[in-house]
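Data first, discussion second: the structure below is written as structure tokens.
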Amino acid sequence: IFEEAAEGAASVAEEIAALIRRKQQQGEQVVLGLATGSSPIGVYKELIRLHREEWLSFDNVITFNLDEYYPMQPDELQSYVHFMHEQLFNHIDIRPENIHIPDGTLPVEKVKEYCLAYERQIQDCGGLDLQLLGIGRTGHIGFNEPGSSITSATRLVKLDPLTITDAAKDFIKEEYVPLRALTMGVGTIMKARQIILLAWGEGKAKILQQTVEGRISDEVPASFLQQHPRVQVVVDQWAALELT
Ligand code: F6R
């Protein structure tokens, strides 16, 4: 628990940078699972600073993003492709071919095969070394809404009405928010060797308490993280308000 979100974000960025540098020294690649939304922005800012001011290179980094709205064109302002480039990729030396973000442009009949291939690509890279997560007020991680099973894989899902309400701020009007998304599954996330869940602000306090201290259940998909052997929950004092 950090007093301020910025301190928590800086500490997480340091940890990611240390992992990247360690792997670099071993001549190995590092596979990061990344999230969008407001929660990781401070981490990405600090990673960019480390790149600019402290010679952190992303040359050995491969990334897989958790999710993308469906349908969604990559050049739309609300796309996660746009978000990731604006917030991180345009400012660091990652190789474009090492970036993976679910493709929201596919015709629906191609989606199943594409999702299987996304899982396979992660495995072929050696699996996720570290997965960064935010949490939605429904208890979702990625877009794994209530009802998602612990073994779920990358797939097309329907967004929860509360998630659509929360996304409306980015889409001008609630009716413009896509009803579906492509997301890594809970099972995909649970296979990561290390997980860091971020939550900032009082708006996350209730769902964070349920996630960390509540019963493990698909009603709060993030609660499955209790069963992961190496997960850190990094929060500010406001998100921690309801923890006992
Ligand atoms: C985003 C994602 C979502 C968000 C969650 C929290 O890639 O997978 O699970 O992490 O909706 O969003 P923010 O951080 O905007 O509160």
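Every number in this text was worked out from the coordinates using simple rules, so none of it is lab data. Because the structure is a prediction, the values reported are computed rather than measured. Glycine gets a Cβ as well: all are built from the backbone with ideal geometry, and neighbour counts include every protein chain shown.
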Consider the range 18-45. How many of its residues are within 17 Å of the chain's Cα centre (by Cα) and either assigned to a helix (DSSP H, G or I) or more than 16 Å from the ligand (Cβ to nearest atom) (or both)?
7
The range 69-111, residues that are assigned to a helix (DSSP H, G or I), exposed (fewer than 14 other Cβ atoms within 10 Å of the Cβ) and touching a residue at least 12 places away in the same chain (Cβ under 8 Å):
108
Could you give me the residue pairs with C-beta distances under 6 Å whose first residue belongs to the range 124-136 and is in contact (Cβ under 8 Å) with a residue 24 or more places away in the chain and under 20 Å from residue 148 (Cβ atoms), whose second residue is away from the ligand (no atom under 15 Å from the Cβ) and among the hydrophobic types (A, V, I, L, M, F, W, C) wherever it lies, and which are 6+ apart or on separate chains?
128/31
Could you list, in sequence order, all residues of the range 158-180 that are surrounded by fewer than 22 Cβ atoms within 10 Å (Cβ to Cβ) and among the hydrophobic types (A, V, I, L, M, F, W, C)?
162, 164, 167, 168, 171, 172, 177, 179
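So that you can scan it fast, the table gives a plain yes or no per residue for (1) within 16 Å of the ligand (Cβ to nearest atom); (2) small (Gly, Ala, Ser); (3) under 17 Å from the mean Cα position of the chain (by Cα); (4) under 16 Å from residue 221 (Cβ atoms):
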site	(1), (2), (3), (4)
106	no, no, no, no
111	no, no, no, no
118	yes, no, yes, no
123	no, no, no, no
148	yes, yes, yes, yes
160	yes, no, no, yes
Quick check, is residue 183 over 21 Å from residue 106 (Cα atoms) and either buried (at least 22 other Cβ atoms within 10 Å of the Cβ) or of a type in the set (Val, Ile, Thr) (or both)?
no
What helices (runs of 4 or more DSSP H) lie completely within the range 160-223 and have 3 or more residues being touching a His at 6+ places or on another chain (Cβ under 9 Å)?
none
Selection count, the range 10-35, where residues are touching a strand residue (DSSP E or B) at 6+ places or on another chain (Cβ under 9 Å) and either charged (D, E, K, R) or under 13 Å from residue 232 (Cβ atoms) (or both)
7
Does residue 143 satisfy the criteria of being within 16 Å of the ligand (Cβ to nearest atom), in contact (Cβ under 8 Å) with a residue 12 or more places away in the chain and in contact with a His (Cβ under 6 Å, 6 or more places away or on another chain)?
no
Odd one out for residue 182 among (1) away from the ligand (no atom under 13 Å from the Cβ); (2) over 23 Å from residue 19 (Cα atoms); (3) of a type in the set (A, V, I, L, M); (4) within 15 Å of the chain's Cα centre (by Cα)
(1)
